[in-house]
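Only one structure is covered here, and it is reproduced in the block below.
The values are calculated or read from the model by the stated rules, or taken from the named source; none is laboratory data. A quick note: this is a predicted structure, and the numbers were derived from the prediction, not measured. Here the Cβ positions follow ideal geometry from the backbone for every residue, glycine too, while neighbour counts run over all protein chains shown.
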There are 2 protein chains.
Amino acid sequence: MLTKKQNDVLMFIRQRIRQGLPPTIREIADEFRFGSTGTVRDYLKALVKKGFIALCEKKSRAIELTEKAMLNIPILGRVPAGVPVLAVENVEDYFNVDKLFSQKDDLFFLRVHGDSMIGAGIMPDDLVLVKKQSCAQDRDIVVCRVDEEEITVKILRNRENRFFLEPANKNYSIIPLNEHSQIVGKVITAIRRYI
Amino acid sequence: MLTKKQNDVLMFIRQRIRQGLPPTIREIADEFRFGSTGTVRDYLKALVKKGFIALCEKKSRAIELTEKAMLNIPILGRVPAGVPVLAVENVEDYFNVDKLFSQKDDLFFLRVHGDSMIGAGIMPDDLVLVKKQSCAQDRDIVVCRVDEEEITVKILRNRENRFFLEPANKNYSIIPLNEHSQIVGKVITAIRRYI
DNA sequence: ATTTGTACCACACAAATGTGTGGTATGTCA
DNA sequence: TGACATACCACACATTTGTGTGGTACAAAT
C-alpha cells in the first residue's frame, strides 16, 4: 500500500507526534534533504489519499494520524487462531486515558495492604483508584474508616437498611457499620503494575 | 503555587497536547478571549518561571509539559487513625498517567477471558496492558499463542531450560511450550474498571 | 514608598509556515 | 499511445505565528 519512502515519511511524522510536536513541512524537508517544500506536500497528499494522515488547512504542524496509523492503545478482545494479534478485526475498543482519569481532584490512589479482598482480585500492593464520596450502594467496593482506625477496603452490603463491610476472604469477618465509621470513597478502578 | 487562571491556561494547554497538537499563542488568546498576544505571553512566562512548561524559541506551538505539569494522582500508603485521608503525610508517591501511556507504540490492551489466572488476581474481563516482545523470563506473566490456537494469558515457567505455561488456577493444567507456540508479549499492568 | 507579581491591552515587525503555480524525469498499466 | 502515480525541484506569495516594545490597573509584600 505504502511505498518505502512514503512509509519513512510517515514513521518520521509519527515519531515527532509521539515526542509531542508534529513537524512542519520544512522540518520534514530538512530531515529527508528535500530541496523543496513541494516534494513534502506530494508525500503528504499521498498519505492523505491513502488514509494514514489528516491535515488541517492553514494550521501549522496540523498533521493528525488516523486510526489506521493507530494513535490510541487498542484493546483486543478474543483473538482467533491464525490471525495476527494486532489485526484490525481484533480491536474491541480503544483505551481512552482522558476518559478514565479526568482531571478532577477528587480522585486518589490507595495502596492496598493485606489480603482481605483477594477473592475480588484485589491483591496486596495493588493500587485502587478511589473517587471521594461519603455514600455508596450495595455491592460497591468502598474505602472506609472504621471505628476511627486505619483505612480499609471492603465490599459495602445493605441488608434491610443496615450496612455492613464484607471482606472477600473467608479468613476475615463481616463488620457492621456504626456511627464511628465513615465511607471515604468508592473504588472505581484497580491497577496492578508488574514492572 | 499557581493562580486559578494560570491553572486554567495550563489545563487548556495540557488538553490540546493530549489531543496531539499544542496550541499557538493566538489560539490560547482566542480560547480565553484575550485581546492581545502579550497577555498570553505573560501567562506562558509565569508557567515557565514556575516550572510547569518549557518553550522552544521561534518554533510554532513548541510548548512542552514538564513532569511537574503532567497529571499526577496521589498514591496513599497506610493512612493512620485520626489523620485526614488526603493529608500530605499520607502521600506515598504520585501516579503519573502521562508517563505510563507515553510509550504507546508497542503496547496494547487485551481483555481477559476465562478464570485461569484468578489466583494471580487477574479476573475475567480485566484489561491487561501488554508490551509486545517475543521473549520473557521465568515468572513473567505472558501473553502467548499456543499451538496456533487462540491467545492465552499465563505465567511463564523456566525449569531446566524447558518452558511451561502455568495457570493460576488448580482447575487448569500446565502447558509445555513447543515450536507451535509463540510468546506475544509480557503483561506489565492489569486494570479493572468497576464503572 | 518601592518593588514585585498578576492581569490585562495595542501595535508593529520579522520570521516561520502553508499555499500556489509552474517544471523535469521515471515507471506502470490498460 | 495516453493516463496516472511516484519522486523530485524552483520560486513567489499570503497568512500564521512568535517577538519586541510599549502601556494601564490592582494588590501584596518589603
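Listing for the model above:
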quantity: Test for B:I17: is it out of contact with any Phe, Trp or Tyr (no Cβ under 7 Å at 6 or more places or on another chain), within 30 Å of A:A54 (Cβ to Cβ), touching a residue at least 12 places away in the same chain (Cβ under 8 Å) and within 11 Å of DNA strand D (Cβ to nearest atom); calculated: no
quantity: Hits in segment A:120-156 - residues which are of a type outside the set (A, V, I, L, M), within 9 Å of another protein chain (Cβ to nearest Cβ) and out of contact with any His (no Cβ under 6 Å at 6 or more places or on another chain); calculated: A:G121, A:D126, A:K131, A:K132, A:D140, A:R145, A:E149, A:E150
quantity: Inter-residue pairs, beta-carbon under 9 Å, first in a loop (DSSP other than H, G, I, E, B) and in segment B:25-39, second near DNA strand C (Cβ under 6 Å from one of its atoms), 6+ apart; calculated: B:F32/B:K5; B:F32/B:T39
quantity: Residues located in segment A:138-153, provided they are over 11 Å from A:G185 (Cα atoms) and not β-branched (V, I, T); calculated: A:D138, A:R139, A:D147, A:E148, A:E149, A:E150
quantity: Hits in segment A:40-63 - residues which are near DNA strand D (Cβ under 6 Å from one of its atoms) and either free of Cβ contacts under 8 Å to residues at least 12 places away in the same chain or closer than 18 Å to A:I17 by Cα (or both); calculated: A:D42, A:K58, A:K59, A:S60
quantity: A:T3 vs. criteria within 12 Å of DNA strand D (Cβ to nearest atom), out of contact with any helix residue (DSSP H, G or I) (no Cβ under 6 Å at 6 or more places or on another chain) and modelled with pLDDT of 95 or more; calculated: no
quantity: Close pairs (6 angstrom Cβ cut-off, 6 or more residues apart or separate chains): closer than 20 Å to A:D126 by Cβ in segment A:150-171, among the polar types (S, T, N, Q) and crowded, with 16+ Cβ neighbours inside 10 Å anywhere; calculated: A:P167/A:S116; A:N169/A:S116
quantity: Criterion (near DNA strand D (Cβ under 10 Å from one of its atoms), in the same structural domain as A:I63 (by TED's automatic domain parsing) and farther than 15 Å from A:I63 by Cα) met by exactly one of A:D8, A:D30; calculated: A:D8
quantity: Output for segment B:170-181, where each listed residue is surrounded by fewer than 15 Cβ atoms within 10 Å (Cβ to Cβ) and within 14 Å of chain A (Cβ to nearest Cβ); calculated: B:H180
quantity: Residue under evaluation B:R14, criteria (1) within 11 Å of DNA strand C (Cβ to nearest atom); (2) assigned to a helix (DSSP H, G or I), criterion not met; calculated: (1)
quantity: Single condition B:T66 does not satisfy, out of (1) away from chain A (no Cβ under 14 Å); (2) among the β-branched types (V, I, T); (3) away from DNA strand D (no atom under 12 Å from the Cβ); calculated: (1)
